[in-house]
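In what follows, a single structure is set out as structure tokens and then discussed.
The values are calculated or read from the model by the stated rules, or taken from the named source; none is laboratory data. If you're wondering where the values come from, they're calculated on a predicted model, not measured in any experiment. Here the Cβ is made from the backbone with ideal geometry for all residues, glycine too, and neighbour counts use every protein chain on show.
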Amino acid sequence: MMVQTLDQDAGLDAGSGQSEDSIVLRVQHAFASFSLDVELALPGRGVTVLFGHSGSGKTTLLRCVAGLERATQAHIAINGTVWQDSAQNRFVPTWQREIGYVFQEASLFPHLNVQRNLAFGMRRANPHGNADDILAVATKLGIEHLLKRSPDGLSGGERQRVAIARALLTRPRLLLMDEPLSALDAARKQEILPYLERLHDELEIPMLYVTHQIEEAARLADHLVLLGQGRVQASGPLVATLARLDLPLARDHEGSVVIAANVIGYDPEWNLTRLQFSGGEIFVAERPLPIGKPVRLRILARDVSIALSGNNPSSIQNRFICRVTGIAPTDDPAQCLVGLVAGDAALTARITRLSASQLGLAIGQEVWAQVKAVALLE
Amino acid sequence: MMPDSQDWSAIWLTLKLASTVTVLLLIVGTPIAWWLAHTRSRLRGVISALVSMPLVLPPTVLGFYLLLLMGPHGPVGYLTELAGLGRLPFTFAGLVLASTFYSLPFVVQPVQNAIEAIGRRPLEVAATLRASPWDSFCTVVLPLARPGFLTAAILGFAHTVGEFGVVLMIGGNIPGQTRVVSVQIFDHVEALEYVQAHWLAGGMVVFAFLVLLALYTLNPQARRA
């Protein structure tokens, strides 16, 4: 897994606009009912997820980056190329921006078959593109058998894969995805997610991905931006941002952390996969996976409990020695969040305030984290 | 009695007029329809109302004012004389101009409906795929709005063929120049030449039926229009 190490506060100084390897977004835009006021410096590689509830402004921000919306005041620069600069009255129209945009609904052209849909952007962006290029990208997305079909005859998942392939064939410098899975049911989502994860691994260009599903963010993001009511609540590497106790994300019932791990073995007797992370070993009930494969683990704070010693017998297999890094309130007055670190890996435990008091938890203290459930995100 | 040469001349003139007007209507009507479909301007209502006026007004009213406008004392007449084009009333060109105004709503409305039905999304998609606005219009809007354009062309053509009042006000009754079928029928009836009137009138009935039949069967999506 790639983890961007861009410093959270870095990059907003004057010189960053010219940077060759970063995305600078300063956008101010007022609507009748809400305003967007955002200042972000994002890594020029990897996947940045713009996360927020509906009405947080995440889609509007994405549309401003694409030029589909013209923000009143904005400076938008992608790896050294300026697409909008209100100070110089510069606004590059959408069709001259080298973007790939995947909309919430696939929005394929109904009058063109799949092949022609794919060729539409490619011919315009890359005059040397040919049928082999189309076939290569179509194969990557598993739609090569659909090329002669009409969009009407495709399933929702197939249509969205065609839309992704169509965007990729324009050889964009920036890929923008606006909740590409939200119009699909759970089964179709599972059908597309592996393709998105492959893109994440193979793509050379940065991607901005809008979603309100934290699970998608946990699976795909390198960098996470939290938006609320048109403002940036936080922006930082995924792992570190999820573990921050001061953000609404952690205080939420679904609050979780993501941990990077590697597959080190499979125990056929108990049907458990063994994984190594910086704080120790974790067992996960999972089909056998290739040894050495890097994976992401997602652990909900409410599935982590705390014990003062590691040798009391328990049904919970996954136990690590940790240090307490912080204690913070949650939205629920009976509960609190305990920040932990095992090795380099941050964990969050959601326990009752009563337990915290009885255990006498204090920052710096060594405790045992007991993890009841681990979700493996490939 | 079979149709004579004057009848054939009227038929030919009518077809020439309707074809010219249809082409002109598509050229003029499409930008208006596009603007009406996409604008948020407050003028939208005003322009919509102006375009639709011929639906409501008696053709004689429209013809009367166009005649005044194109006449020697009207602003359009002044301009055409200044440009050395002469006066438009009682000419084929005058007829074309008047008919274009008269049939405008029949072209603008179906095209506007079709463009509105497409919505903005396909245009946004095209833009993200590097298509310039003109490129998108040709490769996305035109094919998607084809039923609307077909309806518009058929209605514009048919409505021009069927007009009478405006022609009489602007063009009068000059054989080979402005005497179209509807006027020719009027003349036959005035002269009590009912058989010849029947040939032309019956032909018009059949023509109208065939046009509408084509509209509703070949182009089922256009039924709204």
Does at least one position in segment A:92-106 carry a residue that is touching a helix residue (DSSP H, G or I) at 6+ places or on another chain (Cβ under 9 Å), without any contact (Cβ under 8 Å) to a residue 40 or more places away in the chain, crowded, with 16+ Cβ neighbours inside 10 Å and farther than 27 Å from A:T211 by Cβ? no
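This table checks each residue for (1) touching a Phe, Trp or Tyr at 6+ places or on another chain (Cβ under 8 Å); (2) closer than 24 Å to B:F207 by Cα; (3) hydrophobic (A, V, I, L, M, F, W, C); (4) at pLDDT 95 or above.
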position: B:A126; (1), (2), (3), (4): yes, no, yes, yes
position: B:R130; (1), (2), (3), (4): yes, no, no, yes
position: B:A153; (1), (2), (3), (4): no, yes, yes, no
position: B:F164; (1), (2), (3), (4): yes, yes, yes, no
position: B:G171; (1), (2), (3), (4): yes, yes, no, no
position: B:G176; (1), (2), (3), (4): no, yes, no, no
position: B:R179; (1), (2), (3), (4): no, yes, no, no
position: B:Q184; (1), (2), (3), (4): no, yes, no, no
position: B:V189; (1), (2), (3), (4): no, yes, yes, no
Taking the stated definitions as given, is A:E98 under 24 Å from A:F31 (Cβ atoms), within 14 Å of chain B (Cβ to nearest Cβ) and of a type in the set (D, E)? no
Return the residues of segment A:215-243 that are more than 15 Å from the chain's Cα centre (by Cα) and surrounded by 21 or more Cβ atoms within 10 Å (Cβ to Cβ); say none if nothing qualifies. A:G230
Only one of A:R124, A:R159, A:R116 is within 14 Å of another protein chain (Cβ to nearest Cβ), in contact with a Lys or Arg (Cβ under 6 Å, 6 or more places away or on another chain) and over 26 Å from A:G57 (Cβ atoms), namely A:R124
Based on what the data block shows, is A:Q8 assigned to a loop (DSSP other than H, G, I, E, B), touching a Pro at 6+ places or on another chain (Cβ under 6 Å), at pLDDT below 90 and not assigned by TED's automatic domain parsing to the domain that holds A:P294? no
Any idea which of A:T273, A:T330, A:T241 is assigned by TED's automatic domain parsing to the domain that holds A:D222 and not small (G, A, S)? A:T241
Does B:F149 satisfy the condition of being surrounded by 17 or more Cβ atoms within 10 Å (Cβ to Cβ) and within 14 Å of chain A (Cβ to nearest Cβ)? yes
Test A:V82 against the criterion of being of a type in the set (A, V, I, L, M, F, W, C), buried (at least 23 other Cβ atoms within 10 Å of the Cβ) and in contact with a strand residue (DSSP E or B) (Cβ under 7 Å, 6 or more places away or on another chain), and give yes or no. no
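Here's the yes/no breakdown for (1) out of contact with any Asp or Glu (no Cβ under 6 Å at 6 or more places or on another chain); (2) on the phi < 0 side of the Ramachandran plot; (3) of a type in the set (D, E, K, R); (4) surrounded by fewer than 22 Cβ atoms within 10 Å (Cβ to Cβ):
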site: A:R123; (1), (2), (3), (4): yes, yes, yes, yes
site: A:P127; (1), (2), (3), (4): yes, yes, no, yes
site: A:D133; (1), (2), (3), (4): yes, yes, yes, yes
site: A:A138; (1), (2), (3), (4): no, yes, no, no
site: A:R149; (1), (2), (3), (4): yes, yes, yes, yes
site: A:G153; (1), (2), (3), (4): yes, yes, no, yes
site: A:E158; (1), (2), (3), (4): yes, yes, yes, no
site: A:A163; (1), (2), (3), (4): yes, yes, no, no
Among the helices (runs of 4 or more DSSP H) lying completely within segment B:1-79, list those that include at least 2 residues that are of a type in the set (F, W, Y). B:5-38, B:59-70
Which residue, of B:A126, B:A93, B:A98, is small (G, A, S), touching a helix residue (DSSP H, G or I) at 6+ places or on another chain (Cβ under 9 Å) and within 30 Å of A:A66 (Cα to Cα)? B:A126
Among (1) in a strand (DSSP E or B); (2) without any contact (Cβ under 8 Å) to a residue 24 or more places away in the chain; (3) closer than 27 Å to A:R161 by Cβ; (4) of a type outside the set (G, A, S), there is one condition A:Q84 misses while meeting the rest; what is its number? (3)
Only residues that are in contact (Cβ under 8 Å) with a residue 60 or more places away in the chain and closer than 21 Å to A:V162 by Cβ: list them for segment A:56-81, please. A:L62, A:A66
Residues in segment B:73-122 that are farther than 21 Å from B:L25 by Cα and buried (at least 20 other Cβ atoms within 10 Å of the Cβ) total 1
For A:A373: the one exception among (1) assigned to a strand (DSSP E or B); (2) closer than 17 Å to A:V257 by Cα: (1)
What's the total number of residues in segment A:245-288 that are surrounded by 20 or more Cβ atoms within 10 Å (Cβ to Cβ) and assigned to a loop (DSSP other than H, G, I, E, B)? 3
Cβ pairs under 7 Å, 6+ apart or interchain, first in segment B:169-181 and closer than 10 Å to B:S9 by Cβ and basic (K, R), second at pLDDT 80 or above and surrounded by fewer than 16 Cβ atoms within 10 Å (Cβ to Cβ), ordered by first then second residue, are B:R179/B:N173
Does segment A:290-318 hold any residues that are over 25 Å from A:D252 (Cβ atoms) and either more than 27 Å from the chain's Cα centre (by Cα) or crowded, with 19+ Cβ neighbours inside 10 Å (or both), and which are they? A:L308, A:S309, A:G310, A:N311, A:N312, A:P313, A:S314, A:S315, A:Q317
